[in-house]
Amino acid sequence: MRGWLRQDGRKGIRNVLVVAYLVECAHHVARAIAERHDGGDVQLIGFPGCYPNDYAQMMMERLCCHPNVGAVLLVSLGCESFARGRLLEVVRASGRPASLLVIQEAGGTRSTIERGRAWVQAALPVLAAMPTTDLAPGELVVGTICGGSDGTSGLTANPAIGRAFDRLIAAGAAGIFEETGELIGCEGHMASRAATPELAAEIVATVEKAARYYTTLGHGSFAVGNADGGLTTQEEKSMGAYAKSGASPIVGLLKPGDQPVGGGLYLLDVVPDGEVRFGFPNISDNAEIVELIACGAHVILFSTGRGSVVGSAISPVIKVCANPDTYRRLPDDMDIDAGRILEGRADLDTVGAEIAGLVEAVASGEPTCSEALGHQEFILTYKSFTPAGPACLPARAR
Amino acid sequence: MTAAAPVLLLAPEDNVLIAVADLPIGHRVSDGQREIVLREAVPLGHKLARHPILAGAKIIKYGAAIGSATRAIAEGEWVHLHNLASDYLATPVLEGSPVSPDEDHVA
């Protein structure tokens, strides 16, 4: 594998120029700058809100300084409250080429688009000339998520991803799994896998927080239709999602934007702290993917049964299809056919090894299905978190 | 792995197997070591008992407890809402949904 070495010591598996709008009012201009380039080397991200939010500010800083990002163009309307100067400063301090265009100061839509396109044209050859260096499996951060799940997800794709996680983590990589709201009933099992008793207590508390949050929203994880597919209990459904985590010890609990401290398995807490504000924790799968990427994930393993087609800006998404019928219906969108386990054509270990192998190939530059199809979904909304306590990352405390 | 595997054993310590096809009563399946005869039809994605299970015993799937048996379960029996309950939350059930093996439960 090869990667681009960044100033902070991390290496990227892609070298993307990101165009970032800092309020919805700058979205059109930013899109017009980015859309000239459909090769995947220029990507659009942004935050739509006008009011300030510490979480969104932090997320944009982490995303613009993600190892897969080589250069950043910020597009601001001018009167929104996003701290654009601070973001520009953080990106420049990271050693990346960066610029800021403020539409109200640059002469409006047409003039800002022209300036933005000129900056991108000048930056692309700089990116292309950046040297690459060797990348070891132990330098990778891999995230996992499930979406568009069905009764097969917990039988094939999720446990196969768990086997892939075991292999990647044994090679020194960091693996991140998430959605504590979907892990209700697994907290005792997770606690038994925690590296320290203090971390175990934090994991139990974070699942209890998720249970309270979803209860307040009146939104349970177990749908009546789940029983038709063979699921009997909440903890059984949770175990199906939890199977993505494999069997490695849990070495840390992250909040969005926190970076893993070395290799090993991490749980990401995506449920906000404090009283319920701003609605659902994650309004769609891509909101969770963006949080995994903000934690430094180079690549995402996405398990789907019914057939999600999404990709993401910044980091490639590998689609692991749980259901053999879905795979036959959506072959162009699916990277891995885990449903063949149901048809006796492979076992979990074989598919797990195949997924781990594809992670290395993608990290070496091979495009995933969603990358080849041009998927670059991105969504970032309002949230609030308090910082994770020292017990959440035992390796950092040492 | 030549013929289609009709059941999955997700972890070695599990006391249930998962049907990967709609399986009829009397069907013989293997957990890799022994043969088990289905005492009733088990639909795709549903569970069947790998061993006799005592009332009150934990049902183990993925190597973890997914609830407790509400009555004794015989080897080869379908395991679902009629004989397994969550240790956490009652499972929501639609009125009219089949919860016992006497009713039509094949999807």
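Bear in mind these aren't lab numbers, they're just calculated from the coordinates by the rules spelled out. Everything numeric in this text was worked out from a predicted model, so none of it was measured. Every residue, glycine as well, gets a Cβ built from its backbone with ideal geometry; the counts of neighbours run over all protein chains shown.
Please report, in whole Å³, the volume per residue of the convex hull around the C-alpha atoms of the protein assembly as shown.
Details: hull volume 72.5 nm³, N = 505.
Value for the protein assembly as shown: 144 Å³ per residue.
Could you tell me the calculated FRET efficiency between A:Asp332 and B:Ala72, based on Cβ-Cβ distance and R0 = 51 angstrom, to the nearest 0.05? Write down the numbers at each step before the final one.
Details: r = 50 Å, r/R0 = 0.98.
The formula returns an efficiency of 0.55 here.
For the options A:Val42, A:Val72, A:Val126, a Gaussian network treatment of chain A with springs between C-alpha atoms closer than 10 Å singles out A:Val126 as fluctuating the most.
Fully extended, how many nm does the chain gain between A:Arg92 and A:Ser384 (0.36 nm per residue separation, minus their Cα-Cα distance)? Could the numbers behind the result be given before it?
Numbers: separation 292, 0.36 × 292 = 105.12 nm, distance 2.60 nm.
Taking 0.36 nm per residue and subtracting the Cα distance, the gain is 102.5 nm.
Remark: C-alpha extents of the stretch B:1-93 on the principal axes read 40, 24, 22 Å, sorted largest to smallest. Of the residues A:Leu17, A:Leu63, A:Leu358, the one that moves most in a GNM of chain A with alpha-carbon contacts below 10 Å is A:Leu358. Considering all different alpha carbon pairs of the stretch A:120-169, the Kirkwood hydrodynamic radius works out to 14.5 Å.
Comparing A:Pro256, A:Val271, A:Ala297 along the charge dipole axis of the stretch A:250-311, the residue lying farthest to the positive side is A:Ala297, per the Cβ-charge model. Think of each Lys and Arg Cβ as +1 and each Asp and Glu Cβ as -1; about the Cα centre, that makes the dipole of chain A roughly 980 debye.
Grab the alpha carbons of the stretch A:287-398, take their convex hull, and tell me the volume per residue in Å³.
Values: hull volume 15.7 nm³, N = 112.
It comes to 140 Å³ per residue, whole-number rounded.
Distances between placed amide hydrogens fall under 5 Å for A:Ile250 paired with A:Ala194, A:Ala195, all partners being 5 or more residues away or on another chain. Between A:Ala353 and A:Glu114, the modelled label-to-label distance comes to 6.0 nm, taking each label 7 Å out from Cα in the direction of the beta carbon.
Estimate the FRET efficiency between A:Glu24 and A:Thr132 by the formula 1/(1 + (r/R0)^6), using the beta-carbon distance for r and 45 Å for R0, to the nearest 0.05.
Working: r = 36 Å, r/R0 = 0.80.
That pair, A:Glu24 with A:Thr132, gives E of 0.80.
To the nearest ten degrees, helix A:285-294 and the longest principal axis of the Cα atoms of chain A are 70 degrees apart. For the stretch A:1-50, the normalised intensity computed at q = 0.12, 0.18, 0.22, 0.30 Å⁻¹ comes to -0.35, -0.66, -0.79, -1.01 (log10 of I(q)/I(0), Debye sum over alpha carbons, equal scatterers, no solvent). The base-10 log of I(q)/I(0) for the stretch A:269-321, evaluated at q = 0.13 Å⁻¹, reads -0.37 [Debye formula, identical scatterers on Cα atoms, solvent excluded]. Cα-based radius of gyration for the stretch A:181-221, normalised by 2.2 N^0.38 Å, reads 1.20. What the Cα atoms of the stretch A:141-220 give is an Rg and a Dmax of 14.1, 42 Å. Karplus-derived 3J(HN,Hα) values for the stretch A:140-156, using 6.51 cos²θ - 1.76 cosθ + 1.60 with θ = phi - 60°, are 7, 10, 10, x, 9, 8, 10, x, x, 6, 9, x, 8, 4, x, 9, 10 Hz; glycine and proline are entered as x.
Find the Cα radius of gyration of the stretch B:12-58, compare it with 2.2 N^0.38 Å by division, and give the number to two decimals. Please report the intermediate quantities before stating the final value.
On the way: Rg = 10.6 Å, N = 47, 2.2 N^0.38 = 9.5 Å.
Compactness ratio reported: 1.11.
Suppose we look only past 17 Å in the calculated P(r) of the stretch A:1-103. What percent of the Cα-Cα pairs does that tail hold? Across the stretch A:1-103, Cα pairs with separations above 17 Å total 48 percent.
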